[in-house]
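Only one structure is covered here, and it is reproduced in the block below.
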Amino acid sequence: MGNNKNLGAVTLYTERELNIGTHIFRYIAEDKAGLKSTCEVRIMIKDREAPYFIRCPTDMTIESTNDYEIVDWESPIFKDNSGKDPRVLSSRPAGTRFRVPGKVQVMFVATDEAGNKNTSCKFEINLKMTTCPRHEPPKNGALACLPDRSGQRQCQVYCREGFEFAFRPSLLYYCSRGSWNSFPPFGSGTFPWPDCAERASSSSSIKMSASYYYVGDCNRADVQDDRKKAFISIASDPFSVPPVFCKFNPTCKPNNVNVFCGESSR
């Protein structure tokens, strides 16, 4: 066959979509004399394409009054061009118990049989301690609050000079697990805190110690600085307030205290 010059060359075209893997094509040529020749072609289709996801959990924010919270989420769905389900690993399994407050990123890695990886599916869990509702500062007075590391607050109220509280306020108000509480616990416990009214000459007016009053416009920086120092002075008094409020709190410093001014009647 090889020496038969009367036989013209034959060109074959084969077009086919091939799947991933090794494919063998065998061609047999035969002339009129019955002489045969065989040709074999081996084609390897390699998978270079990573899996892809059609569903990935979205970021979530969870508020809780607990120190820990169990969080569940829907598993992601990955597909692969091979038609086979890829292997999926997660940095954290659904149903994990997380600390509150905190932020956690959960990542997924999908790997197909060829070793191609997809790491693009990830989401963040933001766990927050439930905060207390915000109440307005006392009218004709001021409110000083110290936020802690979990976003909760402890507060004190003050009256402008010439005004008195409508009723005796607590020494401290503090937010715990989404609810306002007062210290000392055996005080009036009335919440929210009282407004300030013009001082009356009658003996029925509520007169507090000097630290509960300020002179001047609450919006002035020097007046607010004075209230911040007053807050720290009261909160850090070992004879009046437990050390957990300030002494053991590294954020209990004047520059971390926020002062809010109440509505003024004059």
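With neighbours defined as other Cβ atoms within 10 Å of a residue's Cβ, the residues Phe78, Phe231 order from fewest to most as Phe78, Phe231.
Karplus-based coupling profile of segment 256-265, in residue order and whole Hz: 9, 7, 9, 10, 10, 9, x, 5, 9, 8, with θ = phi - 60° in 6.51 cos²θ - 1.76 cosθ + 1.60 and x standing for Gly or Pro.
Rounded to 0.05, the FRET efficiency of the Glu198 and Thr251 pair, given R0 = 41 Å and the Cβ-Cβ distance, is 0.70.
For segment 67-75, backbone phi angles converted through the Karplus equation (6.51, -1.76, 1.60; θ = phi - 60°) give residue-by-residue couplings of 6, 9, 9, 7, 10, 10, 8, 6, 5 Hz, Gly and Pro being listed as x. Working note: Cα atoms of the chain, range along each principal axis, descending, whole Å: 134, 34, 25. For Glu63, nonlocal amide neighbours, meaning residues 5 or more places apart or on other chains whose placed amide H falls under 5 Å from its own, are Lys128. Panel note: the C-alpha atoms of segment 208-259, placed on their principal axes, show extents of 32, 25, 10 Å (largest first). If you take the beta carbon distance between Val104 and Ile77 as r and set R0 to 22 Å, what does 1/(1 + (r/R0)^6) give as a FRET efficiency, to the nearest 0.05? Plugging the Cβ-Cβ distance into 1/(1 + (r/R0)^6) gives 0.55. With θ taken as phi - 60° and the Karplus curve 6.51 cos²θ - 1.76 cosθ + 1.60 applied, the whole-hertz 3J(HN,Hα) list for segment 16-25 is 7, 7, 9, 7, 5, x, 9, 10, 10, 10 Hz, x standing for glycine and proline. Here the sum of -39500 (n - 2.57) over DSSP H runs of 4 or more residues, divided by the residues of the chain, equals -2000 deg cm²/dmol at 222 nm, to the nearest 500. Short-range pairs are left out: with C-alpha atoms under 8 Å and at least six residues apart, the relative contact order of segment 29-168 is 22 percent. Output the 0 to 90 degree angle, nearest 10, between the alpha-carbon long axis of helix 221-235 and the longest principal axis computed from the alpha carbons of the chain. Once rounded, the angle reads 90 degrees.
Rounded, prolate or oblate: which fits segment 1-122, taking a ≥ b ≥ c as square roots of the Cα gyration tensor eigenvalues, rounded meaning a/c under 1.5, else prolate when a/b beats b/c? Working shown, then result.
Numbers: a/c = 6.84, a/b = 5.93, b/c = 1.15.
In terms of gyration-tensor shape, prolate.
Measuring r between the beta carbons of Ser120 and Ile43 and using R0 = 22 Å, the FRET efficiency lands at 0.10.
Please report, in debye to the nearest 20, how large the charge dipole of the chain is about its Cα centre when each Lys and Arg carries +1 at its beta carbon and each Asp and Glu carries -1 there. Spell out each step's value before the answer.
Numbers: 35 positive and 30 negative charges, 88 e Å.
Dipole magnitude for the chain comes out near 420 debye.
Quick one: work out Rg over Rh on the C-alpha atoms of segment 52-129, Rh as Kirkwood radius.
Working: Rg = 14.4 Å, Rh = 13.5 Å.
Here Rg/Rh amounts to 1.07.
Bear in mind that the values in this text are calculations on the coordinates, not laboratory data. A quick note: this is a predicted structure, and the numbers were derived from the prediction, not measured. Cβ: placed from backbone, ideal geometry, glycine included. Neighbour counts: every protein chain shown.
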